[in-house]
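Colleague: The structure follows.
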Amino acid sequence: MPTYSLIHPVVGAIAVLLCYATAYLGLSRMMLIAGKRSRFYWFRRNVHVNMGRSFVALLFVVYPLGILGISETGFSPFSTPHAYLGSFLLILFTFGAVLAFLILKGRWEYIKHHGRVMLAGAALSIFQIIGGIVNLRSLGIKTSELCFFTGR
Ligand code: HEM
Ligand code: HEM
């Protein structure tokens with residue numbers, strides 16, 4: 001079984017999980033700022049920043065791995081909607097990360113824009129997961145093979 005086509009879905013799933021964990025912290029911040037209190041809301045700025053940075057960095061690894069994976073299986077790249085949504089998400093999250101960089105430089109007025117851009121990306125990522133599962137099925141890759149790959 002080709003390697004990249006197994007690595008990509010595993011690393012892609014880890015990236016999406018990191019995205020949702022970061023989104024959870026961001027949403028908690030929004031709730032806390034709005035004056036809503038709950039033991040489920042938790043925000044630590046440095047945790048959010050580090051987790052968000054790791055997510056965006058991982059996205060730049062996941063994307064080429066996907067292209068390598070599809071090429072390895074003999075299909076031409078950009079043959080699936082997953083590739084186009086993936087490209088859009090890469091641009092969107094990069095834009096959100098640039099806004100985050102500006103916030104860290106003291107441009108507080110971008111906090112709301114950053115939050116909206118990133119949450120839109122997180123919502124669209126659901127379709128990226130569905131597209132990924134469709135790809136797994138089309139290529140005949142089973143979850144057990146991915147578990148074998150991760151050593152579980
Ligand atoms: C935001 C995260 C992700 C991005 C940016 C991304 C991007 C890509 C890209 C660009 C391709 C090449 C497709 C083509 O050229 O037609 C691809 C292929 C593929 N993706 Fe993803 N993907 C992501 C997450 C996932 C997830 C979570 C899964 C699994 C559920 C997955 C499963 C696949 C599969 C099975 C392929 C076919 C080739 C291969 O296995 O490497 N992807 N992806
Ligand atoms: C490059 C990675 C990221 C960095 C450096 C970053 C940084 C920040 C910073 C500095 C704030 C303002 C916090 C404060 O000053 O109190 C913030 C807020 C926020 N972030 Fe991020 N973030 C990143 C990624 C993400 C991701 C991936 C998501 C969601 C998918 C996200 C969602 C949010 C939300 C919802 C807010 C709150 C916005 C509001 O209160 O209106 N961020 N982020």
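Colleague: Could you check the simple spin-label distance between ALA34 and SER79, using points 7 Å along Cα→Cβ, in nm with one decimal?
Modeller: 4.5 nm
Colleague: Specify which residue in the list VAL11, SER125, SER38 is farthest towards the positive end of the charge dipole of the chain, using unit charges on the beta carbon of Lys, Arg (+1) and Asp, Glu (-1), about the Cα centre.
Modeller: Ranked along the dipole, the leading option is SER38.
Colleague: In whole Hz, what ³J(HN,Hα) sequence does the range 108-114 give by Karplus (6.51, -1.76, 1.60; θ = phi - 60°), x for Gly and Pro?
Modeller: These are the phi-based 3J(HN,Hα) values: 4, 4, 8, 4, 4, 4, 4 Hz.
Colleague: Something else about it: For the chain, give the magnitude of the charge dipole about the Cα centre (Cβ charges: +1 Lys/Arg, -1 Asp/Glu; no others), in debye to the nearest 20.
Modeller: The calculation lands at about 860 debye.
Colleague: I would also like to ask the following. Contour minus end-to-end for LEU17 and LEU146, with contour as 0.36 nm per residue of separation and end-to-end as the Cα-Cα distance?
Modeller: Gain on extension, LEU17 to LEU146, equals 44.8 nm.
Colleague: If you average the alpha carbon positions of the range 48-81 and of the range 87-152, how far apart do those two centres end up, in angstrom?
Modeller: After rounding, the separation between the Cα centres reads 10 Å.
Colleague: Against the longest principal axis of the chain, how steep is helix 81-104, in degrees 0 to 90 to the nearest 10, with axes from Cα atoms?
Modeller: It works out to around 30 degrees.
Colleague: Continuing with the same structure: State the extension gain, in nm to one decimal, for the chain segment bounded by VAL47 and TRP108, taking 0.36 nm per residue of separation less the distance between their alpha-carbons.
Modeller: Full-extension gain reported as 20.1 nm.
Colleague: Here's another thing I want to ask about it. Just to compare against my own numbers: the Cα pair-distance distribution for the range 43-150, 5 Å bins, whole % per bin, please.
Modeller: 2, 10, 18, 22, 16, 12, 9, 6, 3, 1
Here, each number is a calculation from the coordinates, and none is a lab measurement. Note that this is a predicted model, so its numbers are computed, not measured. Neighbour counts are summed over all protein chains in view; Cβ atoms, including those assigned to glycine, are modelled from backbone coordinates with ideal geometry.
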